[in-house]
Amino acid sequence: MVAQKFEINDVDFGDSFENYTYSADDTILPDMSPCIAVVNRSINTAIAIVYVLVCFLAMAGNMVVMVVILYNRRTISSTDIYLLHLAVADLLFAVTLPFWAVDATYGWVFGDVMCKIISILKEVNFYSGILLLACISIDRYLSIVYSIRTHNQKRPFLIKLHCVAVWVVAIVLSLPILYKGEYHVPGMNRMVCYELLDGESAETWRTITRFLRHFIGFLIPLAVMTFCYSVTTWKLCLTKGFQKQKAMKVIIAVVLAFLICWLPYNITVFVDTLMRSKLIIDTCDKRYHIDGALFATQILGFLHSGINPILYAFIGVKFRKNLLQLLANKGFIKQSAKSQYRGSLSSTSVSGLTETTI
C-alpha cells in the first residue's frame, strides 16, 4: 500500500514521536518554527530491550494464571472468569511488544496491515482491561454489600455474557485506530505507524476520539470502581472477621496496579489532547516535554501487562495453593511441598467473598 503524502507542517504527530526529541530555535518564532525530529538510537535500543523483557514476563506470567484458573474450572467463580479474560487481554498485548521493540530500533518495517492489527490489539487490551476491572468491582460490590451469592447456576453464563460484551465494546471503541497506517516521515530515513488523517476534519476527528477514550475508556470505569470499592470497604469495616477484609487485598492490589500504571499515561494524553484542541498553546518546547512524558508513561503502562501475575503470586494465598497443587499433581514438586497451604482455601472462603483463584 502506497503511503499518503503529507507535508511535515500539515501533520501533528503527537504521541507517535514519543521516542524522539525535538529542537527549535526559540529565539526566532518560537510558536511557529517547525519541530525537528531527531532519533536517539541509544535510548531506542534501551526501550526495545525493556519491551522484550516485559513481553517474556507478561507471556509467562499470564499463561501460568490461565493454566491455574482453567485447571480448577470445576470450582471457577465469577471473579475467576473475569481474571481469566484479563489474562487473555494481557497475553494478546504481550504479543505486540516485539513489534514495538523493532519499531523503536528500526522504525515500522512490518507494513500497513500489521500496523493496523498491532495497534488495535494494543487498544483493545487497554479498553478490555479497565472494563473487566470495573466488572470485577461491581461483582465484589454485589457479593459483599448485597450478599448476592456466586453459586447461582445461571451466574457463570451471565458472567461469560458480560465478558463477551466487554470484548465487543473494547473492539468497537478501538475501531478508530484503523485509521493508522505506514507513513514515511519527511526528512527521516524511517517509517512510522501513525494515523493517516488529512483535511480540516482531521483534528476534529482526533479530538473526538481522544475525549471518547478519556471518558468511556477511563473516567467512567474509574468512577464505577471508586464507588464500588468505597462502599465495599465501608461494608467490610463494619463486618466482624479479619478474613473478610483479607479477601479484598488482591483485588484492590490489582486495581491499584492498573491505576499506577495507566493513570499517568491518561493524564499525559489528556494534556496532549488539550494541546491538539488548541486549548493549550502548542510550542516546540511544550511538545518536547509532553512527548517525553508520553514516552515515559507509556512504558509504565506497558509494564502493567506483566504485573498482575506477580501480585497473585505474592499476595494471593489461594492462587499459590492452587499453583502448588497443580505442580504437585503433575509431578514437578513433591506432594509434601503443598501441605502448608492446605488450610488456606478453607480460611479464605468466607461468605462467598473469596470465591476466586486469587
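The table that follows gives values for the structure above.
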| quantity | calculated |
| --- | --- |
| From the options Thr105, Thr96, Thr79, residue that is within 17 Å of Val255 (Cα to Cα) and touching a residue at least 12 places away in the same chain (Cβ under 8 Å) | Thr79 |
| Pair list, Cβ under 8 Å, 6 or more apart: segment 155-169 residue under 14 Å from Val88 (Cβ atoms), other residue buried (at least 17 other Cβ atoms within 10 Å of the Cβ) and of a type in the set (Phe, Trp, Tyr) | Cys163/Tyr82 |
| Close pairs (8 angstrom Cβ cut-off, 6 or more residues apart or separate chains): modelled with pLDDT under 75 in segment 184-211, surrounded by fewer than 19 Cβ atoms within 10 Å (Cβ to Cβ) and among the polar types (S, T, N, Q) anywhere | Leu196/Gln4; Asp198/Gln4; Glu203/Ser277 |
| Condition check for Thr79: β-branched (Val, Ile, Thr), at pLDDT below 90 and surrounded by 22 or more Cβ atoms within 10 Å (Cβ to Cβ) | yes |
| Residue ranges of helices (runs of 4 or more DSSP H) in segment 241-330 with at least 2 members among the small types (Gly, Ala, Ser), crowded, with 19+ Cβ neighbours inside 10 Å and touching a Leu at 6+ places or on another chain (Cβ under 7 Å) | none |
| Selection from segment 82-113 of residues that are more than 18 Å from the chain's Cα centre (by Cα) and either among the charged types (D, E, K, R) or within 30 Å of Leu142 (Cβ to Cβ) (or both) | Asp103, Asp112 |
| Among the candidates Leu86, Leu91, Leu132, residue that is in contact (Cβ under 8 Å) with a residue 24 or more places away in the chain, surrounded by fewer than 22 Cβ atoms within 10 Å (Cβ to Cβ) and closer than 28 Å to Cys228 by Cα | Leu91 |
| Residue in segment 144-163 that is in contact with a His (Cβ under 8 Å, 6 or more places away or on another chain) and assigned to a helix (DSSP H, G or I) present | yes |
| Filter result for Val88 (more than 21 Å from Phe319 (Cβ to Cβ) and assigned to a helix (DSSP H, G or I)) | no |
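The values are calculated or read from the model by the stated rules, or taken from the named source; none is laboratory data. Since the model is a prediction, treat every value here as computed from it, not as a measurement. As a convention, Cβ positions derive from the backbone with ideal geometry for all residues, glycine included, and neighbour counts pool all protein chains shown.
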